[in-house]
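Chemist: Here it is, the structure, as structure tokens.
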Amino acid sequence: MTACLAHYGHPPRALFITHTHMDHVGGFERLFVHEYFKRKPPGRMPVYVPANVVPLLHQRVGDYPNALAEGGVNFWEAFQLIPVGDWFWHRGVRLETFAVRHHWPRTAFGLRLPGSLVWTGDTRPIAELLKVYADAGELIAHDCALTGNPSHAGLDELEREYPPGLLERCVLYHYASVEEGEAMRRRGRRVALPGEALTLPEPISGIMDGS
Ligand SMILES: [Zn+2]
């Protein structure tokens with residue numbers, strides 16, 4: 001939320017939850033306060049959540065007794081919680097989801113806007129999935145550190161397992177430090193920087209009236 005405010009001057013207009021590790025959902029409490037008190041009426045921000053992830057998300061952020069000290073409100077009243085399956089609509093745009101490899105099966109998901117963007121979320125290498133879910137020239141925002149570990153992909157692994165054409169479309173993020181990012185860039189890779197805004201290719205289909 002901090003980065004979104006800094007760049008756009010407002011909180012995100014909608015969320016997709018990839019998984020429920022706290023570095024991905026820890027900002028929800030602050031967002032609740034904003035949406036509940038500043039949005040009139042509250043409860044309009046769509047929060048798209050893979051159906052398998054809904055119970056985990058509720059345990060992590062929604063189940064604390066009394067969202068406000070004075071009571072009288074449920075956590076999800078500040079949002080429009082939308083459980084989703086393999087695909088969903090956002091304002092007339094069709095997006096796809098796919099389970100990635102991050103800890104327990106089917107607890108972490110990637111997101112695709114066909115022809116435009118694939119966002120892997122946190123994942124180990126997923127060459128076989130990207131062959132299917134990134135086959136239309138998408139820019140691929142990919143979890144990647146300099147070396148892999150049981151949670152995250154490493155550049156050594158992606159260079160071994162991904163075809164060059166696929167790797168060239170990857171913008172690497174979730175690396176450990178500025179130095180790591182520099183080292184990855186020196187290896188010829190595109191590395192996302194804090195605050196950087198990426199220009200995306202136009203989506204190829206599935207757009208209806210998005211007004
Ligand atoms: Zn994670």
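Chemist: Evaluate the following for A51: is it over 30 Å from Y133 (Cα atoms) and within 19 Å of the chain's Cα centre (by Cα)? Spell out how you get there, then give the answer.
Modeler: Numbers: over 30 Å from Y133 (Cα atoms): no; within 19 Å of the chain's Cα centre (by Cα): yes.
So A51 fails the test.
Chemist: Output the residues belonging to segment 62-95 that are buried (at least 19 other Cβ atoms within 10 Å of the Cβ), farther than 30 Å from P203 by Cβ and aliphatic (A, V, I, L, M).
Modeler: Within segment 62-95, just A67 meets the criteria.
Chemist: Now a separate question. Across segment 9-22, which residue is farthest from the ligand (Cβ to nearest atom) among those that are more than 17 Å from F109 (Cβ to Cβ) and either surrounded by 15 or more Cβ atoms within 10 Å (Cβ to Cβ) or not assigned by TED's automatic domain parsing to the domain that holds A69 (or both)?
Modeler: If we take residues in segment 9-22 being more than 17 Å from F109 (Cβ to Cβ) and either surrounded by 15 or more Cβ atoms within 10 Å (Cβ to Cβ) or not assigned by TED's automatic domain parsing to the domain that holds A69 (or both), then P11 is farthest from the ligand (Cβ to nearest atom).
Chemist: Those residues that are farther than 20 Å from P11 by Cα and in contact with a Phe, Trp or Tyr (Cβ under 8 Å, 6 or more places away or on another chain), I need them from segment 69-82; list them, please.
Modeler: Within segment 69-82, just V73 meets the criteria.
Chemist: So which residues in segment 23-51 are within 16 Å of the ligand (Cβ to nearest atom), buried (at least 17 other Cβ atoms within 10 Å of the Cβ) and not in a loop (DSSP other than H, G, I, E, B), if there are any at all?
Modeler: Within segment 23-51, the first condition is being within 16 Å of the ligand (Cβ to nearest atom), and the residues that meet it are 23-28, 49-50.
Next cut, buried (at least 17 other Cβ atoms within 10 Å of the Cβ) only: 25, 27-28, 49-50.
Of everything in segment 23-51, those that are within 16 Å of the ligand (Cβ to nearest atom), buried (at least 17 other Cβ atoms within 10 Å of the Cβ) and not in a loop (DSSP other than H, G, I, E, B) turn out to be V25, F28, V49, P50.
Chemist: Among the helices (runs of 4 or more DSSP H) confined wholly to segment 121-199, which include 2 or more residues that are loosely packed, with under 12 Cβ neighbours inside 10 Å? Quick ask: steps written out before the conclusion?
Modeler: Values: elements: 127-133, 155-161, 164-168, 178-186.
Correct list: 127-133, 164-168, 178-186.
Chemist: Here's something else I'd like to know. Hey, does segment 163-185 have a residue that's in contact (Cβ under 8 Å) with a residue 24 or more places away in the chain, touching a Phe, Trp or Tyr at 6+ places or on another chain (Cβ under 8 Å) and either within 23 Å of G85 (Cα to Cα) or not assigned by TED's automatic domain parsing to the domain that holds V54 (or both)?
Modeler: yes
The values are calculated or read from the model by the stated rules, or taken from the named source; none is laboratory data. Quantities reported herein were computed from a predicted structural model and do not represent experimental measurements. Quick reminder, even Gly has a Cβ in these numbers, built from the backbone with ideal geometry, and neighbours come from all protein chains shown.
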